[in-house]
Amino acid sequence: MQKLFLCSLILLLGFTQARAAEDDAPPPTTSAYVSLGDPMVLNLSDSRKLTFLQISADVLIGDADAEATIKTHVPAIRHSLIMLLSEQKAIDMKSPARREEIRQLATARIKGLIADLSGSNDVSDVLFSSILVQ
């Protein structure tokens, strides 16, 4: 009888500790990626020769419920990215460090655009999923 009581007590303590560990766990994230569609092809600002950029981008949103908002404004987001990227020089788009700076600038611009259009701050990041300079 005493052994049964001790086993029950140990199991109860183990269950209580496991339950406390579950309560301390951070809530699951609901972030998601939203594709901006087909790759964008544009000319780069270069006075010496005609240079093209093909780029695909995705938007990271902090809340999966914001996906509809982002999808509604994909044309405006693509336009903003095209305008920003077409001002860049080919040499800048070939440099990994400069590409990261441009990506951060694109993120800030898209965050501002979505805030203006929908009044929300759903955009966490803008990611370039492929870049081709030719």
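What the table below lists for this structure:
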item: Enumeration of residues in the range 95-119 that are surrounded by fewer than 17 Cβ atoms within 10 Å (Cβ to Cβ), touching a helix residue (DSSP H, G or I) at 6+ places or on another chain (Cβ under 6 Å) and touching a residue at least 40 places away in the same chain (Cβ under 8 Å); result: Ser118
item: Any hit, the range 34-49, residues being among the β-branched types (Val, Ile, Thr) and touching a Lys or Arg at 6+ places or on another chain (Cβ under 7 Å); result: yes
item: Options Thr51, Thr69; residue that is under 16 Å from Leu113 (Cβ atoms) and of a type in the set (Ser, Thr, Tyr); result: Thr69
item: Lone qualifier among Arg78, Arg98 - being of a type in the set (Lys, Arg) and touching a Gly at 6+ places or on another chain (Cβ under 8 Å); result: Arg78
item: Near pairs, Cβ below 7 angstrom, 6+ apart or cross-chain, from the range 76-90 (more than 15 Å from Asn43 (Cβ to Cβ)) to any residue that is surrounded by fewer than 15 Cβ atoms within 10 Å (Cβ to Cβ) and among the aliphatic types (A, V, I, L, M); result: Ala76/Leu117
item: Filter pass, Ile131 being β-branched (Val, Ile, Thr) and assigned to a helix (DSSP H, G or I); result: no
item: Lone qualifier among Asp46, Asp38, Asp92 - being modelled with pLDDT of 90 or more, of a type in the set (Asp, Glu), more than 19 Å from Leu117 (Cβ to Cβ) and surrounded by fewer than 17 Cβ atoms within 10 Å (Cβ to Cβ); result: Asp38
item: Pairs, first at positive phi and part of a strand (DSSP E or B) in the range 38-55, second β-branched (Val, Ile, Thr) and exposed (fewer than 14 other Cβ atoms within 10 Å of the Cβ), C-beta under 7 Å, six or more apart; result: none
item: Some residue of the range 109-122 being at pLDDT below 95, under 17 Å from Gln54 (Cβ atoms) and acidic (Asp, Glu); result: no
item: Residue identified as modelled with pLDDT under 95, surrounded by 15 or more Cβ atoms within 10 Å (Cβ to Cβ) and closer than 22 Å to Asp122 by Cα among Ala68, Ala64, Ala32, Ala57; result: Ala32
item: Residue match in the range 10-21 (condition: modelled with pLDDT under 80, of a type in the set (Val, Ile, Thr), out of contact with any strand residue (DSSP E or B) (no Cβ under 7 Å at 6 or more places or on another chain) and more than 19 Å from Val133 (Cα to Cα)); result: yes
item: Residue list for the range 79-108, restricted to those being basic (Lys, Arg) and over 15 Å from the mean Cα position of the chain (by Cα); result: Lys89, Lys94, Arg98, Arg99
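The values are calculated or read from the model by the stated rules, or taken from the named source; none is laboratory data. Note that this is a predicted model, so its numbers are computed, not measured. We place every Cβ from the backbone using ideal geometry, glycine too, and count neighbours over all the protein chains shown.
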